[in-house]
2 protein chains.
Amino acid sequence: MNIGEVAERSGIPPKTIRYYEDIGLVRPQRSGNGYRTFRETDLHKLAFLGRARALGFSIEGCRNLLSLYEDETRESAQVKAIAEEHLSAIDDKIAQLQAMRETLSHLVEACHGDHRPDCPILKDLSGALAGCKPTTGRSAD
Amino acid sequence: MNIGEVAERSGIPPKTIRYYEDIGLVRPQRSGNGYRTFRETDLHKLAFLGRARALGFSIEGCRNLLSLYEDETRESAQVKAIAEEHLSAIDDKIAQLQAMRETLSHLVEACHGDHRPDCPILKDLSGALAGCKPTTGRSAD
DNA sequence: CCTTGAGCTTCCAGTGACTGGAAGCCCTAT
DNA sequence: ATAGGGCTTCCAGTCACTGGAAGCTCAAGG
């Protein structure tokens, strides 16, 4: 197969496939005219990479998963460890995004969104403490 | 103030502050020796940027927010629009991550994580359909 | 046989938002 | 005079591609 066909069948664009070759994730052969020639196993590998990437694994994670996949002496614990590490990274990201979401959605709700300049979003960004009534001077530090 | 002091007071590292100057987010003055000189307003701006970045706004988003902040003729609707767009981007990311999390956590649960090579995580990545019992011989190809 | 167009090749540059490091100037203290 | 720390600039690297230019190859049509 040429690169166009693997691209279509694996769902990975030609550019990316070339990049994957560059960084040693796949090693297609070459035919006489210099074109890359992919076998079914290459296609399989690329599809594997596509799915791993879709699950958010980094390229290095994919590389490790792929080498475990091809290693018949692997222990599933190794795979699980990689996956668990990634899972916890995902959880961290979700938590971080949810914290942002929390703050931001409150601010958005509080903003009138009209033609006047007053804006609690900008007020917050400029350093005002949210929900802080200007009572008797001494506010939080 | 020199860069070190603003860095400490704004919580933004010197490198990043220089970068922000490069891309035109702040314009500190220069003293005779070539050192950057920051005023309180610069510090304020940097703190603003720090908070906006912490909420996940892109640099361009920050630039827009900052220019609205400094624009007395702004309409809060403009600010709200930026924030809402960002909020929806955050929601998209959260959804995407949660979808990954969902799949991945099922796979991790299903993996024994022992010293044997059998691994549902790799099986899934290699293209097997999840929950597909290999009943009477005819398995997936 | 020639042309045309698609498909392939390589290489270089850019993305976002920094971050690290090198080389060198400035300032203060000893 | 020297040592150090802080400041300056510029260049390169990160991550995972993506776009584009210049040029070769191949199959089909005239």
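The values are calculated or read from the model by the stated rules, or taken from the named source; none is laboratory data. Keep in mind that what you see is a predicted model, and the values were worked out from it rather than measured. FYI the Cβ positions are ideal-geometry reconstructions off the backbone, even for glycines, and counts take in every protein chain you see. Protein only, heavy atoms only, side chains kept; ligands, DNA and RNA dropped before computing areas. Shrake-Rupley method; radii C 1.70, N 1.55, O 1.52, S 1.80 Å.
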Can A:D22 be described as within 16 Å of DNA strand D (Cβ to nearest atom) and out of contact with any helix residue (DSSP H, G or I) (no Cβ under 6 Å at 6 or more places or on another chain)? yes
Within the range B:73-84, considering residues that are touching a His at 6+ places or on another chain (Cβ under 9 Å) and either within 12 Å of DNA strand C (Cβ to nearest atom) or not charged (D, E, K, R) (or both), the one most open to solvent (accessible area, probe 1.4 Å): B:A77
Which of the residues spanning the range A:25-40 are within 11 Å of DNA strand D (Cβ to nearest atom) and either open to solvent by less than 50 Å² (accessible area, probe 1.4 Å) or at pLDDT below 95 (or both)? A:L25, A:S31, A:G32, A:N33, A:G34
From A:E84, A:E40, residue being without any contact (Cβ under 8 Å) to a residue 40 or more places away in the chain, among the charged types (D, E, K, R) and at the interface with another protein chain (Cβ under 7 Å from one of its Cβ atoms): A:E84
Are any residues in the range A:56-70 away from DNA strand D (no atom under 12 Å from the Cβ) and assigned to a loop (DSSP other than H, G, I, E, B), and if so, which ones? A:E70
Go through the range B:4-19 and report how many residues are more than 10 Å from DNA strand D (Cβ to nearest atom) and either of a type in the set (K, R) or touching a His at 6+ places or on another chain (Cβ under 7 Å) (or both). 1
If I ask for residues that are out of contact with any helix residue (DSSP H, G or I) (no Cβ under 7 Å at 6 or more places or on another chain) and either more than 13 Å from DNA strand C (Cβ to nearest atom) or open to solvent by less than 20 Å² (accessible area, probe 1.4 Å) (or both), which ones from the range B:41-72 would you list? B:T41, B:H44, B:S67, B:E70, B:D71, B:E72
So B:L87 ticks every box in (1) assigned to a helix (DSSP H, G or I); (2) more than 10 Å from DNA strand D (Cβ to nearest atom); (3) of a type outside the set (G, A, S); (4) surrounded by fewer than 17 Cβ atoms within 10 Å (Cβ to Cβ) but one. Which box is left unticked? (4)
